Amino acid sequence: MASKGRVFSGARPTGRQHLGNYLGAIKNYVALQKDYDCIYCIVDLHALTTLDTTQNLRENTYEMALDWLAAGIDPQKTILFVQSNVPEVTELHTILSMVTPLGKLTDLPTFKEKIRENPNNINYGLVGYPVLMSADILLYKANAVPVGVDQAPHIEFAREVVRTFNHRYNTNVLVEPEMKVTEVPKVLGIDGKNKMSKSLDNHIEIAATPEETLQRVMKMVTDPARQRRSDPGNPDVCNVFTLHKVFSSPEEVEMVNRECRRAGIGCVEDKQLFAKNLNAALAPFREKRAELGRNPDYVFDVLRDGAKRARVIAQQTMAEVRAAIGLF
Ligand code: ADP
């Protein structure tokens, strides 16, 4: 089938991926490969904006690439690469920063949030985060960018940058990307309250062993109102039940829903069943990951080859950008 266009998406290297990353991003990345020419990028330069993501960059990049590949990113078709391996993005970032009013950046809700989160490290790069993100997208002339709604202001920002740039230099070199809003399910952590996140240590790694997975699942908070085994529970407020709907059969989901409400099944049994199904669903991924992990050079080769292919596109775009501006 003909490609519907070019998709670009990136994520910072956060190391081994968790269920939130998997359900919120990776699964969609894999699915999009069917209809689009996809470019997926591990944005390591973006990681330098905050201190906690600056450590263990190489290891985190490798582990993340391993997870993405094992989950089904196909490097024969898709370009998978590391942002800093295509340095043209920093040149485009500089150029785009000259058509960006500072107030636009400081007004963004995401910037205000970052300031709140990193009061001791409000750096220049943090302000320019959306400019670098725009450079990522525009360098590859992506038509569609799959993002959660929280990222919508950044895509709108990128579109405005395109219009300003093209208008100022009387060109149509840069392409306005369409936002492809994904229904990103917000996966809650084992605390059943906060978004699953590595920094909160409330996560379940998809590459964990079955035993580790069971241990983490047994710690999951269920319906807080259910104190004793004999109390009926409410699956509607139970994070385990939400995830059952993703990983268990319709019959099991129906059974848990029914039995929990009349205390026919306890939280321990319920979590054991969920862990069993989760482990079964992730088994092929884990096998593939172990196989790929035996040959780290393969992963490095994929990333190097991805950067080479990405760079061809990037250099072409930059030649057009320089010509449009009239750089010497
Ligand atoms: P970044 O900030 O670079 O996007 P994250 O590690 O926060 O890196 O997220 C990577 C991807 O995984 C993003 O697309 C994000 O929406 C998704 N993601 C992360 N955590 C969750 C979660 N708990 N639920 C759903 N999606 C998530």
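The values are calculated or read from the model by the stated rules, or taken from the named source; none is laboratory data. Note that the structure is a prediction, hence the values are computed from the model and not measured. For neighbour counting, all protein chains shown are included, and Cβ atoms are generated from backbone atoms with ideal geometry for every residue, glycine included.
Given the options A152, A225, name the one that is more than 30 Å from R261 (Cβ to Cβ), out of contact with any helix residue (DSSP H, G or I) (no Cβ under 7 Å at 6 or more places or on another chain) and among the aliphatic types (A, V, I, L, M).
Numbers: A225 fails: more than 30 Å from R261 (Cβ to Cβ).
Residue meeting the stated conditions: A152.
Quick one: in segment 209-237, which of the residues that are of a type in the set (A, V, I, L, M) and free of Cβ contacts under 8 Å to residues at least 60 places away in the same chain is farthest from the ligand (Cβ to nearest atom)?
Step one: list which residues in segment 209-237 are of a type in the set (A, V, I, L, M), which gives 214, 217-218, 220-221, 225, 237.
Next, only the ones that are free of Cβ contacts under 8 Å to residues at least 60 places away in the same chain stay: 218, 220-221, 225, 237.
Details: M218: 20, M220: 14, V221: 15, A225: 24, V237: 17 Å.
Result: A225.
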With the condition kept exactly as written, say whether any residue in segment 231-239 is assigned to a loop (DSSP other than H, G, I, E, B), surrounded by 19 or more Cβ atoms within 10 Å (Cβ to Cβ) and assigned by TED's automatic domain parsing to the domain that holds E269. yes
Which helices (runs of 4 or more DSSP H) sit wholly inside segment 95-192 and have at least 2 residues that are in contact with a His (Cβ under 8 Å, 6 or more places away or on another chain)? 129-139
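On the basis of being out of contact with any Pro (no Cβ under 7 Å at 6 or more places or on another chain) and either more than 20 Å from G306 (Cα to Cα) or more than 16 Å from the ligand (Cβ to nearest atom) (or both), does N170 make the cut? Don't jump to the end; show me each part of the working.
Numbers: out of contact with any Pro (no Cβ under 7 Å at 6 or more places or on another chain): yes; either more than 20 Å from G306 (Cα to Cα) or more than 16 Å from the ligand (Cβ to nearest atom) (or both): yes.
It is true that N170 is out of contact with any Pro (no Cβ under 7 Å at 6 or more places or on another chain) and either more than 20 Å from G306 (Cα to Cα) or more than 16 Å from the ligand (Cβ to nearest atom) (or both).
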Scope segment 173-196; condition near the ligand (Cβ under 9 Å from one of its atoms), surrounded by fewer than 19 Cβ atoms within 10 Å (Cβ to Cβ) and free of Cβ contacts under 8 Å to residues at least 60 places away in the same chain; matching residues: N194
Taking I265 and the conditions (1) surrounded by 14 or more Cβ atoms within 10 Å (Cβ to Cβ); (2) in a helix (DSSP H, G or I), which numbered condition does it fall short on, given that it satisfies the others? (2)
Selection over segment 287-328 where residues are in contact (Cβ under 8 Å) with a residue 40 or more places away in the chain, closer than 14 Å to I79 by Cβ and among the aliphatic types (A, V, I, L, M) yields a count of 6
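Go through the residues of segment 256-274 one by one and say whether even a single one is of a type in the set (D, E, K, R) and either in contact with a Ser or Thr (Cβ under 9 Å, 6 or more places away or on another chain) or modelled with pLDDT under 95 (or both). Working first, answer last.
Kept after step one, since they are of a type in the set (D, E, K, R), are these residues of segment 256-274: 258-259, 261-262, 269-271.
In the following step, the residues that additionally are either in contact with a Ser or Thr (Cβ under 9 Å, 6 or more places away or on another chain) or modelled with pLDDT under 95 (or both) were identified as 270-271.
Within segment 256-274, one or more residues are of a type in the set (D, E, K, R) and either in contact with a Ser or Thr (Cβ under 9 Å, 6 or more places away or on another chain) or modelled with pLDDT under 95 (or both).
Out of I95, I79, I42, I115, report the one residue that is more than 15 Å from the ligand (Cβ to nearest atom) and either among the small types (G, A, S) or closer than 26 Å to M196 by Cα (or both). Step through it out loud before you land on a result.
Details: I95 fails: either among the small types (G, A, S) or closer than 26 Å to M196 by Cα (or both); I79 fails: either among the small types (G, A, S) or closer than 26 Å to M196 by Cα (or both); I42 fails: more than 15 Å from the ligand (Cβ to nearest atom).
Within the list I95, I79, I42, I115, the selection yields I115.
Regarding T49, is this residue within 14 Å of the ligand (Cβ to nearest atom), of a type in the set (V, I, T) and in the same structural domain as D150 (by TED's automatic domain parsing)?
Working: within 14 Å of the ligand (Cβ to nearest atom): yes; of a type in the set (V, I, T): yes; in the same structural domain as D150 (by TED's automatic domain parsing): yes.
Yes: the conditions hold for T49.
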Would you check if there is a residue in segment 54-73 being under 21 Å from I155 (Cα atoms) and within 14 Å of the ligand (Cβ to nearest atom)? no
Taking S199 and the conditions (1) in the same structural domain as E117 (by TED's automatic domain parsing); (2) within 16 Å of the ligand (Cβ to nearest atom); (3) of a type in the set (S, T, N, Q), which numbered condition does it fall short on, given that it satisfies the others? (1)
Among residues of segment 29-68, those that are closer than 17 Å to L282 by Cβ and not aliphatic (A, V, I, L, M), counted: 4
Evaluation of A158 against (1) closer than 23 Å to V321 by Cα; (2) loosely packed, with under 14 Cβ neighbours inside 10 Å (one fails), failing number: (2)
